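Here the structure comes first, spelled out in structure tokens, and everything after it is commentary.
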Amino acid sequence: MHDHDRRPNVHSDAPAPAPSPSRRSQRGLDWFIFFVADVQTGFGPFIAVYLTSQKWTQVDIGFVLTVGGLISLFGQIPGGALLDRMQQPRRAAAIAVAIICVSALILALWPTYLGVMISRILQAGASCVLGPAIAALSLGLVPRARAGERFGRNASFASIGTGIAAAVMGACGYYISNQAVFFVTALLGIPALMALLQIKPGDIDATRSHGGAAAKLSSIAEALRLAASHKTIFLFAGCVFLFHLANAAVLPLVASNFTLRSSSTATPLTAVAMVIPQFIVAMLSPFVGKQTRIIGRRPLLLAGFIALLARITLTALVADPIMLVAVQALDGISAAVLGVLVPLTIADLTRDTGRFNLVQGIVGCAMGIGASISTTMAGYLADRFNSTTAFLALDAVAVIGLLTIWLAMPETRRDDDAS
């Protein structure tokens, strides 16, 4: 019997059917996620472009980006714990979006060292709450058995929002100014908040959104003790770590190879290699969400790792640039699977504990650490040896992750989740 099976079943009697949320609330969450993806896209590579145009050195740009990255990484556990303490994730999401919009305005109007540092700290800290808040809203809004489909819709709308925002902001930067990108980012917070207001507070089950009764505020030490005492949580966080350790460096290596072969075509080829997976995620995520209820979580996790393994192997073997771009479509499959399965599996493992958002923080931290190590490790191997060696190392990591899920990871779906 696995750890999550030993927790007492507080619903021993057959529960009454959960009321279905209104269509207005469901659509409100759809569009909120879409516009949040737009807002967050503004803080991607556009920051480096903007600060370079402001005569910043690469060292200074790298430092402020690193500070934001570290806050995003290690702030997820306290951010999740704080959200578990709050009764209303809708309010937390609204505050987080407002802070991110303010940080965009600071970046646009005050591009000094102090201003940019304040902006990055505000944006990174708010993002540590916003991600878990969206997942908590999703859990609280739908009956437990429909959570997979809800997370599938989330991934789909986020992917569409990211793709459209990248195109719109790129056009703004090209035709207007690099500063305009951050004014647009701040303005997009308005429709995001309007969409959030469409979610009726009465449609959100507060207990379900936390995975149980709201918990007391937890320390990082308590979070680590929780993960260590529930072996399946620890195991799943390890699998997510291995996925991102294998995955994060693939596209940067591909982009570097494009540049070495032909610098004039590197940018458009890299852009296409990024857009194709986003399109596949948007199309595939709802299907993945439905399948979680039908065939369970574990087979889909295996499929995600198999797609990752195939992508890395083919990327190492294929030389033709067009074929190399086509191979990156496999990233859309693995991204769709992980985008749905990560929050859903966490919800399974934290059921009736009140620690859903805290464990989201633990897994998110593992995800970030894996991605950070991936790019450093692969970059070193590519420079020291060659890109093929780097891809083989990433392949080995993907194999370890696949074997871990196959041999050790249990199915986390319960019988009442399939109903």
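The values are calculated or read from the model by the stated rules, or taken from the named source; none is laboratory data. Quick caveat, the model's predicted, so the values are computed rather than measured. Reconstructed Cβ throughout: ideal geometry from the backbone, glycine too, with neighbour counts over all protein chains shown.
The condition of being assigned by TED's automatic domain parsing to the domain that holds L392 and farther than 20 Å from I400 by Cα holds for only one of L314, L338, L349, L309, that being L349.
Taking the range 253-263 as the range and being of a type in the set (S, T, N, Q) and part of a helix (DSSP H, G or I) as the test, the residues that pass are S256, N257, T259, S263. In the range 67-83, the count of residues that are over 18 Å from the mean Cα position of the chain (by Cα), among the polar types (S, T, N, Q) and outside the structural domain of R351 (by TED's automatic domain parsing) is zero. Would you confirm, using the coordinates I've provided, whether R24 is in a helix (DSSP H, G or I), under 21 Å from the mean Cα position of the chain (by Cα) and either without any contact (Cβ under 8 Å) to a residue 60 or more places away in the chain or over 21 Å from G173 (Cα atoms) (or both)? Spelling it out, it is not the case that R24 is in a helix (DSSP H, G or I), under 21 Å from the mean Cα position of the chain (by Cα) and either without any contact (Cβ under 8 Å) to a residue 60 or more places away in the chain or over 21 Å from G173 (Cα atoms) (or both).
Scanning the range 71-116 for residues being without any contact (Cβ under 8 Å) to a residue 12 or more places away in the chain and more than 23 Å from G211 (Cα to Cα) gives a total of 5.
When each of L394, L381 is tested for being assigned to a helix (DSSP H, G or I) and touching a residue at least 60 places away in the same chain (Cβ under 8 Å), the lone residue that passes is L394.
Starting from residues that are outside any helix (DSSP H, G or I) and over 19 Å from the mean Cα position of the chain (by Cα), keep the ones in the range 214-252 and report whichever is modelled with the highest pLDDT.
Going through the range 214-252, the residues outside any helix (DSSP H, G or I) turn out to be 214-219, 230, 248-249.
The next check asks that each one be over 19 Å from the mean Cα position of the chain (by Cα); those that pass are 214-219, 230.
Numbers: A214: 54, A215: 54, K216: 55, L217: 50, S218: 55, S219: 57, H230: 81.
Looking at the filtered set, the residue picked out is H230.
Within the range 287-313, the set of residues being assigned to a helix (DSSP H, G or I), more than 20 Å from L253 (Cβ to Cβ) and among the basic types (K, R) comprises K290, R293, R298.
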